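The values are calculated or read from the model by the stated rules, or taken from the named source; none is laboratory data. These figures come from a predicted structure and were not determined experimentally. Note that we place each Cβ from the backbone using ideal geometry, even for glycine, and neighbour counts take in every protein chain shown.
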Amino acid sequence: MKESIQTNNGQIDKGQWPELWEATCRLLEQTVVSSQLTAWINPLEFMEVESSDNVLKIKMNAPNDFTAQWVRDHYQRHINAALTQVIGTPCEFQIQVNSQSGEAVVNIFEELQEEEVDERRTVVEPQPQSPAPVTVFVGGGRSAQDCPDTRYVFDNFVVGASNQFAHATAVAVAEQPARQYNPLFLYSPPGLGKTHLLHAIGNRVIAHNPNARVAYLSAEKFVNELIDALQHRRMSQFRAKYRDSFDMILIDDIQFIAGKNTSEEEFFHTFNALHSSKRQIVVSSDRPPKEIEGLEERVRTRFEWGLIADISPPEIETRIAILKSKAERDDIYLPDDVATFLASYIKSNVRELEGVLIRLQAQASLTGAEISLEMAKQELKTIVIPGEGGTSYTIESIQNAVTKHFHIKIQDLKSAARTRSVSLPRQIAMYLIRKYSGLGFREIGNSFGGKDHTTILHACNKIELGIEGDKEIREAVEAIQNLL
Ligand code: ADP
Ligand code: MG
């Protein structure tokens, strides 16, 4: 490749790619489960970049066909969007196979298929870096996917008034599982540390007792595994796994099972099995049990047996402390005035705070300058949308209001799904961001997982017309504006 390449934000030198890729992976952490990131995305190697028609084509090497295909099918869009955000220029990610390591692939693939039939074994996610798959023989115990993520621990969780109670209960549960608070039910809006606390509980338990069998999983995974078990007639294994083989189960985003009858039923029995044998259950949700629509009464009652703790958006001091702690951990130079500035604008979501810090760091390494107040102001320009009366909206706060109103997930807004139940909310979000920010179509497209400018244009026109002539659209837009 050439030694350097021109982007909208200036020159990028070849030597800067490792750093840019690292920043991209850190942004991806917000949308891709970390075990998947480690298994599939981290091992990719940067090959070359070329610029055509204002788009940077970034070529990366995968160690084998299997990985290349998997990444293409599952993560292409995420990676495009993250690269585009980090580099500030539309990016298209292309994956090719490193021919030198092509051979080991076949083995991984074949062995994997064998594993699937042999149910006595639990397969650890294939690590594309290593030539042979790692197989552990455990009596239905923990697989890599069920493990807590070791990056999330109590030590790097900043405690303030907004999360003090949830934190204290989480520590109590980790120190003395199934004693005082069983189940522990944590809830909050997105990005406030529920997942972090769940992993931290698991990690603390394992630190005290390395043999403890702790499972961390999302409710979505529970549902998917259940469907798979039903399909392949493996219900007895599924039940044995969740009812008998763990000492503690941490289930994230439990609201996902609401209204899915078979899943709720199965969860109910899993819960009873664990609870009656004095094993700890911790669940998180985006709202309290009584507000989870469609949740069966008997499941709701179970949640209310234990302790329910909420987390609210952190106060400014906590937000500053979180930023400083992240900067210190990642060795980022972050001046006090910048921390205060960022914390005073980004109020409702810690994930968003982290995102800005990562982007600033990428900017700093791109331009070779240190992070400064000027740079931070420039960065926030694209995401902070001044509202009426001195309030400020961010792209994320608008997206959150829309997802809340329509009861959909933020991933749906950024997805390519075209069913009306997500396309209408997506179009309304695009319209509102355009209305309040005057941002360009391209920038708006980027914040929806890399959508084309014509998509944004179409959305804005459609909603504008809808407000005039369609009661449903008009009422939805009004209700969302009230949520902001
Ligand atoms: P949730 O599950 O509530 O959506 P997460 O636990 O995923 O939120 O948190 C989003 C990000 O913010 C994570 O990277 C997490 O480490 C970080 N975070 C949230 N709260 C805190 C906190 N109090 N201290 C440090 N980091 C935090
Ligand atoms: Mg979470």
All but one of (1) touching a helix residue (DSSP H, G or I) at 6+ places or on another chain (Cβ under 9 Å); (2) surrounded by fewer than 14 Cβ atoms within 10 Å (Cβ to Cβ); (3) over 15 Å from residue 81 (Cβ atoms) hold for residue 471, so report the exception by its number.
(1)
Verdict on residue 287 being over 23 Å from residue 176 (Cβ atoms), among the charged types (D, E, K, R) and either within 16 Å of ligand 1 (Cβ to nearest atom) or more than 23 Å from the chain's Cα centre (by Cα) (or both)
yes
If we keep only residues of the range 8-35 that are of a type in the set (S, T, N, Q) and either without any contact (Cβ under 8 Å) to a residue 24 or more places away in the chain or closer than 18 Å to residue 94 by Cα (or both), then the residue farthest from ligand 1 (Cβ to nearest atom) is 11
Can you tell me how many residues within the range 275-326 are within 16 Å of ligand 2 (Cβ to nearest atom) and of a type in the set (D, E, K, R)?
3
Looking at the range 329-336, can you tell me whether even one residue there is under 17 Å from residue 20 (Cα atoms), within 12 Å of ligand 1 (Cβ to nearest atom), touching a residue at least 24 places away in the same chain (Cβ under 8 Å) and not β-branched (Val, Ile, Thr)?
yes
So residue 404 ticks every box in (1) in contact with a Leu (Cβ under 8 Å, 6 or more places away or on another chain); (2) surrounded by fewer than 19 Cβ atoms within 10 Å (Cβ to Cβ); (3) modelled with pLDDT of 95 or more but one. Which box is left unticked?
(3)
For the structure I just gave you, tell me whether residue 427 is within 26 Å of the chain's Cα centre (by Cα), surrounded by fewer than 18 Cβ atoms within 10 Å (Cβ to Cβ) and more than 20 Å from residue 85 (Cβ to Cβ).
no
Check whether at least one residue in the range 291-307 is within 11 Å of ligand 1 (Cβ to nearest atom), under 27 Å from residue 181 (Cα atoms) and either over 25 Å from the mean Cα position of the chain (by Cα) or buried (at least 19 other Cβ atoms within 10 Å of the Cβ) (or both), and report yes or no.
no
Can you tell me how many residues within the range 273-284 are away from ligand 1 (no atom under 16 Å from the Cβ) and farther than 17 Å from residue 226 by Cα?
8
Exactly one of 258, 240 is within 19 Å of residue 300 (Cα to Cα), more than 16 Å from ligand 1 (Cβ to nearest atom) and small (Gly, Ala, Ser), and that residue is 258
For the range 172-191, pairs from a residue that is within 21 Å of residue 288 (Cα to Cα) and within 13 Å of ligand 1 (Cβ to nearest atom) to a residue that is modelled with pLDDT under 95 and among the acidic types (Asp, Glu), with Cβ under 7 Å and 6 or more apart or across chains, are 187/286; 189/286; 190/286; 191/352
Go through the range 155-169 and report how many residues are hydrophobic (A, V, I, L, M, F, W, C), touching a residue at least 60 places away in the same chain (Cβ under 8 Å) and either more than 9 Å from ligand 1 (Cβ to nearest atom) or crowded, with 23+ Cβ neighbours inside 10 Å (or both).
3
Flagged in the range 245-257 as in contact with a helix residue (DSSP H, G or I) (Cβ under 7 Å, 6 or more places away or on another chain) and in a helix (DSSP H, G or I), in numbering order, are 254, 256, 257
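For (1) away from ligand 2 (no atom under 16 Å from the Cβ); (2) among the hydroxyl-bearing types (Ser, Thr, Tyr); (3) within 27 Å of residue 409 (Cα to Cα); (4) in a loop (DSSP other than H, G, I, E, B), each residue gets a yes or a no:
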| position | (1), (2), (3), (4) |
| --- | --- |
| 221 | no, no, yes, no |
| 239 | yes, no, no, no |
| 259 | yes, no, yes, yes |
| 273 | yes, no, no, no |
One residue from 290, 278 being in contact (Cβ under 8 Å) with a residue 24 or more places away in the chain and charged (D, E, K, R):
278
Look at residue 310 and say whether it is modelled with pLDDT of 95 or more, closer than 30 Å to residue 270 by Cα and of a type outside the set (S, T, N, Q).
yes
Extreme residue, nearest to ligand 1 (Cβ to nearest atom), among residues of the range 194-204 that are touching a Leu at 6+ places or on another chain (Cβ under 9 Å) and closer than 17 Å to residue 159 by Cα
194
Go through (1) surrounded by fewer than 22 Cβ atoms within 10 Å (Cβ to Cβ); (2) in contact with a Phe, Trp or Tyr (Cβ under 8 Å, 6 or more places away or on another chain); (3) assigned to a helix (DSSP H, G or I); (4) not β-branched (Val, Ile, Thr) one by one and return the number of the condition residue 182 breaks.
(3)
